[in-house]
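Taking it in order: structure first as structure tokens, then the write-up.
Any read-out appearing in this document is the output of simple, stated calculations on the displayed coordinates, not a laboratory observation. Everything numeric in this text was worked out from a predicted model, so none of it was measured. Backbone-built Cβ (ideal geometry, glycine too); neighbour counts: all protein chains shown.
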Amino acid sequence: MEVNKILSADVLDILFDGRNKDYGAYDLRKTYNSRITKALMGTVIICLSVYLISILATRFKKEKKNEIIVQDVSLADLKKQEKKPEPLPPPPPPKQEPPKVEITKFTPPKIVKDEEVKEPPPEQVKMEETKIGTINQEGAKDEGLVASPVESKGTGVVEAPRQEEDYDKVFTSVQIEAEFPGGPSAWKRYLERNLNQNVPSENGAPPGKYTVILNFQVDKNGNISDIQADSGPYGTKEEAIKVIKKGPSWKPAVQNGHNVAYRAKQAITFVVAEE
């Protein structure tokens, strides 16, 4: 290489001066920076593409795949109503005895001295007008017929004794049911906003509907306790119990003007749609 070109020449040109530049080593070193830059840019583009695709797929899944349906918002209790005690039957009418008939005691004749007579025999006329027996009894004349007793006519209705209501028990049927603050519509909004609709799909649930049936107690002060779930696969039961437990106090149920403990029932359906 000429001396006047050394200062302006590339390092590779100086190293490969007088050597075979077509062999490949020269070209590899010459294009090294360009290839590194292209590789880095390609890697960045691929990573960004994967990241954006995952975000869009997740958002699409959340918007299209899952859904929550809140049922029985009115908290209708499906349990059997408490059986009311039947009124007591009226007592039988008092038994009336037939009217007494006049009876004259008959003393068999016996011959004794006058001073030994203890009870004189009845007069013959009296014996003809009365019935003969072993005792003396006052009553109506015996005419050969005895009238049947006459029943006293009453109303036929006997009022059963009133039983006082036990306001310390847990009611399943009341005059005014327990209520979420704001009413049934507010209760439905609370559940839809706080329940995680992706719980069943995150736990491997196939497409379908998964219903959780819960019952819980609302005490006299409106506090929720004793939450129970009859069903709820793929984590839906635990999710529903958690959301109901962390909710605010309710308006207590009312029976005959008294705040009472009430057992409410609620059904929640998680829907996993096909992609």
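The 3J(HN,Hα) values that the Karplus relation (6.51, -1.76, 1.60; θ = phi - 60°) gives for segment 253-265 are, in residue order, 6, 10, 9, 6, x, 10, 5, 10, 6, 9, 9, 9, 9 Hz. Gly and Pro appear as x.
Report the FRET efficiency, 1/(1 + (r/R0)^6), for I111 and Q137, where r is their Cβ-Cβ distance and R0 is 35 Å, rounded to 0.05. In this case the efficiency is close to 0.80. The H on the amide N of A261, modeled in the peptide plane, is under 5 Å from the matching H of F171, K220, each at least 5 residues off or on a different chain.
Among E179, E164, E239, a tally of other beta-carbon atoms within 10 Å of each Cβ gives an order, fewest to most, of E164, E179, E239.
Residues whose amide H comes within less than 5 Å of that of V212, counting only those at least five positions distant or on another chain, are I268, T269, F270 (H built at 1.01 Å from N in the peptide plane). Placing dummy labels 7 Å off each Cα toward the beta-carbon, the span from E97 to R59 is 10.2 nm. In this structure the amide hydrogen of E179, modeled in the peptide plane, comes within under 5 Å of the amide hydrogens of K251, none closer than 5 places in sequence on its chain. In a fully extended conformation the segment linking Q175 and T269 would gain 31.0 nm over its present Cα-Cα distance, using 0.36 nm per residue.
Here D168, D230 are placed in order of increasing Cβ neighbour count within 10 Å, fewest first, which gives D168, D230. The HN-Hα couplings worked out from phi for segment 42-48 by the Karplus form 6.51 cos²θ - 1.76 cosθ + 1.60 (θ = phi - 60°) are x, 4, 4, 5, 5, 4, 4 Hz, whole numbers, x standing for Gly and Pro.
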